[in-house]
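Worksheet: the structure to be examined is printed underneath.
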């Protein structure tokens, strides 16, 4: 199964049984994800402006900083990453199984309710149902709905996996199955321990930190790697080097990743061993990042635009892992903790790492799902350049702002008004970066829409002919 | 990796181990922490929050105050927490046992509020906090939607904010804090960790954890 060709017509002709049943549910997942990406980009821009100009939209309670920040995060993680990650994982599992996507109707129903749940969550956040736990900004009433609708989506992936023709499993399959299986566990444990019968005192922060880290290492990162491990060999036309070590990289992420959450609580009112364990584990996790880099490094040689996205994603993903390990050390953490430096790290991992891998795979998948090439190559190039510039500008300026903030906070003589003044120039640049990122997302949205609409109009008649034959 | 059920078991073990290792074991350690009874003044610490303060905690949560304010004074050696007068000791787990929704926070765009009402030499009072909420300060926006502008009928309200300069309302009008504003301020004034628990000080002579 080699799909090394990069010509658009060959892409759209590359059809397997997976597309026959999965086409519409998967297109629905991918389409909604792009919509949420734009929505979250708007919210992220608003919070970014509010950081340097606090009076911006301050008269409106619905758009106060804390709430918009929560909405930006939830629409990005559960809207964009949830939809695109699951859509691509299901498609890849079905393709690797060599069979049709089974349970496609369940996927559609699940996706419908998943998006409904995300919409209700955003409404709830706007009205103030915040949890104040990072990555877990979900009002308690949407969580059961998210949980059930997730079941509808994930069941198709599990069916593809259990019904696979080859007993042998590929790296993409490990990551996809791990992500599909572990998210419901994470969410239900968080729901029970934080909403149904909340644990006592600071343990809420421990559970929250464990959930947030689990969401990254056991769900988002595996979903992104599912996509990357699938598309990189196909786009570059080469086998994965050092593939033997891939399994070790996988198990390191899964076993070690869940322990690293409490590094954000360093110095806080929790037993010190929790954060000490987290620091050790964060450093151990570097091994995983090295393996991923070795496995996927041929993405860096380039070849096609979609491979360019994955290459940037790979660099950011690995860099993010190393920065995490460095800043978990107490000497660094004492400066960067509680500053916007942590926002820079989050952006580097979630947007630079995971999302760029998703973009690359999305550009690879859509022509095959839709049976037609992308409507505009220029828009793809535009998104690649703008998102790369946006990531670079935003991450660097936020990191600089964070270091300025951290050093000023460490000096008790500098008061908070002065800190705000010192940070302002960097935060202005970060807002410009967020604007560039939003523009790049809009290019994707336009291109997606044009591709889906034009080929719907064009292909309806020809498809009927094809089905008849 | 060919064996499906073994693979599944591995996934489950990976999640389960981290959960037991971090969540369950820390729960076993401090999950049933009780208040500290002080024989000398026959009182148990920390104090339970009053009804109004508990309401205010919900306002604090729903406005997302925790996205800019922390409520944790770190151990000595971590930053300038104590030099800034945020607290005379580090925060300990016992401080939080009666809080329904703990707001440790993750960002310090604004000040730490752990011990806002117990700060020395001078802690802000209700008036200061209402004014700050109305006017904003530095990186903090004004929360004018927590206040109402009323026409003065008869005698002016004793709750009206005493504002000067640009912020001063038109003559014949006054600015009154809403119930939510009053609850929020009552909550902020309940944030007090002045009581010294035995576990709140590192062992004498030991170096702070961040020190080299």
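Under the rule a/c < 1.5 gives rounded, and otherwise a/b versus b/c splits prolate from oblate, where does segment B:41-129 land using the Cα gyration tensor?
In terms of gyration-tensor shape, rounded.
How do B:150, A:288 line up, fewest other C-beta atoms within 10 Å first?
Taking fewest neighbouring Cβ atoms as first place, the list is B:150, A:288.
When a/c is below 1.5 the answer is rounded, else prolate if a/b is larger than b/c, else oblate, so apply that to segment B:1-69 with a ≥ b ≥ c taken from the square roots of the Cα gyration tensor eigenvalues.
Note, shape of segment B:1-69 comes out oblate.
Alpha carbons only, please: Rg and Dmax for segment B:93-212, in angstrom.
Computed over the Cα atoms of segment B:93-212, radius of gyration and Dmax are 19.1, 66 Å.
Over chain A, what is the mean sequence separation of C-alpha contacts under 8 Å (at least six apart), divided by residue count, expressed as relative contact order in percent?
Averaging sequence separation for qualifying contacts and normalising by length gives 18 percent for chain A.
Please compute, for peptide A:331-338, the average count of beta-carbon atoms on other protein chains lying within 10 Å of each residue's beta-carbon.
Average neighbour count from other chains, rounded to a whole number: 5.
Rounded to whole Å and ordered largest first, report the semi-axes of the equivalent ellipsoid of segment A:1-150 derived from its Cα gyration tensor (root of 5λ).
The equivalent ellipsoid of segment A:1-150 has semi-axes of 36, 18, 10 Å.
Is the C-alpha gyration tensor of segment A:134-217 telling us rounded, prolate or oblate? Criteria: a/c under 1.5 is rounded; beyond that, a/b larger than b/c is prolate, otherwise oblate.
prolate
Output the Cα-based Rg and Dmax of segment A:164-275 in Å, rounding Rg to one decimal and Dmax to a whole number.
When restricted to the Cα atoms of segment A:164-275, Rg and Dmax are 17.2, 54 Å.
Arrange the peptides B:88-101, B:21-34, A:60-73, A:323-336 so that the one whose residues have, on average, the most other Cβ atoms within 10 Å appears first.
The most tightly packed comes first, giving A:60-73, B:88-101, A:323-336, B:21-34.
Alpha carbons only, please: Rg and Dmax for chain A, in angstrom.
Values for chain A (Cα only, Rg and Dmax): 21.7, 80 Å.
Can you tell me the mean projection area, over all orientations, of the convex hull of segment A:129-181's alpha carbons? Units nm², please.
So the mean shadow area of the Cα hull is 4.6 nm².
Give me the angle, in degrees from 0 to 90, between the Cα long axis of helix A:143-162 and the longest principal axis of the Cα atoms of chain A, rounded to the nearest 10.
For A:143-162 against chain A, the angle is about 40 degrees.
Any chance you could give the angle, 0 to 90 degrees and rounded to 10, that helix A:377-410 forms with the longest Cα principal axis of chain A?
Around 20 degrees separate the two axes.
On C-alpha positions alone, give me the angle between the axis of helix A:356-370 and the longest principal axis of chain A, in degrees, nearest 10.
For A:356-370 against chain A, the angle is about 20 degrees.
Where does segment A:353-414 land on the Kirkwood hydrodynamic radius, alpha-carbon pairs, in angstrom?
It works out to 14.6 Å.
If the chain between residue A:119 and residue A:294 were fully stretched, how many nm would it gain, using 0.36 nm times the residue separation less the Cα-Cα distance?
59.1 nm
Compute the distribution of all C-alpha to C-alpha distances in chain B, in bins of 5 Å from 0, and list the percent of pairs in each, rounded to whole numbers.
Reading upward from the zero bin: 1, 6, 11, 14, 15, 14, 10, 8, 6, 5, 4, 3, 1, 1, 0, 0, 0.
Using a 10 Å cut-off around each Cβ, can you sort A:251, A:259, B:19 from fewest to most neighbouring Cβ atoms?
If I rank by nearby Cβ atoms, fewest first, I get A:251, B:19, A:259.
Bear in mind that the values in this text are calculations on the coordinates, not laboratory data. Every value quoted in this text rests on a predicted model; they were computed, and no experiment measured them. Positions of Cβ are backbone-derived with ideal geometry, glycine not excepted, and every protein chain shown enters the neighbour counts.
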